[in-house]
């Protein structure tokens, strides 16, 4: 009797092979990130790995509930394939770059390609899925406004949809 092959569950006709969702360089980057997060080097990312990763990034007092919620996002133990699948699902839900650009253009009435950072901060903290002060700080730390306080939303949209800054 031939061994049965395990079939992967797919949604909406998506590819059953998570590795086909990314090119080799992306897979290598995810593998490096996984290796950094797998602090105890057991091949799985668990609650203590997450705690240690946060500590390495300077965030020491992470609540157990927050770590539990992160781990529970996975369908089971987080090995590299599960890790990659979770990122694939998150990225698949990202709006196309053009859609995000149009959302920002609503606020760029003069068509200059930038928005005042203070203005976008106020909108992010008071509209729809509201950002906290900490989330705004994290966004501006990752993508700081220029010396005039302007946020280059075209490059920000590129980073959101492609994962790296334009050269």
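The values are calculated or read from the model by the stated rules, or taken from the named source; none is laboratory data. Note that the coordinates shown come from a computational prediction; the quantities given were computed from them, not determined experimentally. All Cβ positions, glycine included, derive from the backbone under ideal geometry; neighbour counts span all protein chains shown.
Table: residues versus (1) in the same structural domain as residue 77 (by TED's automatic domain parsing); (2) assigned to a loop (DSSP other than H, G, I, E, B); (3) modelled with pLDDT under 50.
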| site | (1), (2), (3) |
| --- | --- |
| 1 | no, yes, yes |
| 4 | no, yes, yes |
| 7 | no, yes, yes |
| 11 | no, yes, yes |
| 14 | no, yes, yes |
| 27 | yes, no, no |
| 31 | yes, no, no |
| 35 | yes, no, no |
| 41 | yes, yes, no |
Checklist entry - Does at least one position in region 56-76 carry a residue that is assigned by TED's automatic domain parsing to the domain that holds residue 36, in contact (Cβ under 8 Å) with a residue 60 or more places away in the chain and part of a helix (DSSP H, G or I)? => result no
Checklist entry - Which one of 122, 134 is outside the structural domain of residue 35 (by TED's automatic domain parsing) and surrounded by fewer than 12 Cβ atoms within 10 Å (Cβ to Cβ)? => result 134
Next on the checklist: Test of understanding: among 99, 94, 85, 109, which residue is at pLDDT below 90, touching a helix residue (DSSP H, G or I) at 6+ places or on another chain (Cβ under 7 Å) and exposed (fewer than 15 other Cβ atoms within 10 Å of the Cβ)?
Outcome noted: 94
Checklist entry - What are the pairs, 6+ residues apart or on separate chains, where a residue within region 4-32 that is closer than 16 Å to residue 79 by Cβ has its Cβ under 9 Å from a residue that is modelled with pLDDT of 85 or more and exposed (fewer than 10 other Cβ atoms within 10 Å of the Cβ)? => result none
